[in-house]
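First comes the structure, then the notes that go with it.
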Amino acid sequence: MMQVLLDSDVLLDYVLPREDFQFDAEQLFDAIADQKFVAFVSAIALLNVHYFAEKEHDRRYAKAKVAELLTIINVAQIGELTFHNAFDLPIDDYEDAVQCASAVAEELDAIVTRNVKDFASSPLPVYSPAEFVALIQAEQASEKAD
């Protein structure tokens with residue numbers, strides 16, 4: 001089963017929800033609930049979710065949403081080495097580089113983000129939410145055909 005890092009934007013699309021991106025995010029989270037892949041996030045992503053959820057709603061909503069996420073996703077650990085390794089990645093945005101470095105350290109299979117171009121130089125495959133859902137569906141269809 002694939003193990004994948006979800007970028008902050010995907011979490012925010014699901015939690016807030018962001019109208020233009022909500023459908024793809026919900027499909028991803030349905031696939032998580034159906035155990036079609038194992039989802040990870042970086043600790044940074046959870047901080048981002050709490051910050052923006054509190055800003056758009058309130059602290060209680062933010063806390064509830066982060067707690068909900070913690071019941072269905074895993075947290076990729078970020079230590080000092082991860083922060084150092086992020087500098088060596090050819091990714092301009094340091095936050096994105098840290099998330100990518102945490103995915104590499106956890107030996108994950110891919111990254112799912114709405115900002116695919118920001119991760120273009122990632123050493124891991126990078127998919128948009130729609131691309132990843134299509135990949136999962138194609139894999140399942142292939143398994144059923146065999």
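Quick one: putting +1 on the C-beta of Lys and Arg, -1 on the C-beta of Asp and Glu, what dipole do you get for region 3-145 around its Cα centre, in Debye to the nearest 20?
380
Could you list which residues have their amide H under 5 Å from that of Val75, counting only those 5 or more apart in sequence or on another chain, with H placed in the peptide plane?
Excluding prolines and chain starts, which carry no amide H, the hits are Val41.
Quick one: Karplus J couplings for region 36-51, per residue in order, coefficients 6.51, -1.76, 1.60, θ = phi - 60°, nearest Hz, x for Gly and Pro?
8, 7, 9, 9, 10, 9, 7, 4, 4, 4, 5, 5, 4, 4, 4, 4
Just grab the label-to-label distance for Tyr61 and Glu139, each label 7 Å out from Cα along the Cβ direction, in nm (one decimal).
Modelled inter-label distance: 3.4 nm.
Pop out the ³J(HN,Hα) list for region 90-100 in order, Karplus 6.51 cos²θ - 1.76 cosθ + 1.60 with θ = phi - 60°, rounded to Hz; leave Gly and Pro as x.
Couplings: x, 10, 5, 7, 5, 4, 4, 5, 5, 4, 5 Hz.
Across all directions of projection, what mean area in square nanometres is found for the Cα convex hull of the chain?
Hull-based average projected area comes out at 8.7 nm².
With each run of n ≥ 4 DSSP H residues scored as -39500 (n - 2.57), what mean residue ellipticity at 222 nm is computed for the chain after dividing by its residue count and rounding to the nearest 500 deg cm²/dmol?
Result for the chain, helices only: -18500 deg cm²/dmol.
If I take every Cα pair under 8 Å that is 6 or more residues apart in region 37-146, average their sequence separation and divide by the length, what percent do I get for the relative contact order?
Result for region 37-146 is 19 percent.
Would you kindly state the longest site-free stretch of the chain, with sites defined as GluC sites (Glu not before Pro) in a DSSP loop (not H, G, I, E, B) surrounded by at most 15 other Cβ atoms within 10 Å? Before the final figure, lay out each step's value.
Values: sites that count: Glu19, Glu107.
Longest stretch, sites excluded: 20-106.
What is the Cα centroid distance between region 96-115 and region 75-93, reported in whole angstrom?
Their Cα centres are 9 Å away from one another.
May I ask which residue of Asn48, Val66, Val126 lies farthest towards the positive end of the charge dipole of the chain, with charges of +1 (Lys, Arg) and -1 (Asp, Glu) on Cβ and the Cα centre as origin?
Final value for the positive-end residue is Val66.
Give me the one-decimal nm value for the distance between modelled label points at Ala130 and Lys117, 7 Å along each residue's Cα-to-Cβ direction.
1.6
Run the quick spin-label model on Tyr94 and Met2: label points 7 Å from Cα toward the beta carbon, then report their separation in nm to one decimal.
Rounded to a tenth, the inter-label distance reads 3.1 nm.
Quick note: the coordinates plus some simple rules give every number you see, no bench work behind them. Everything quoted here is computed from the prediction, not taken from an experiment. Every residue, glycine among them, receives a Cβ derived from its backbone with ideal geometry; neighbour counts consider all protein chains shown.
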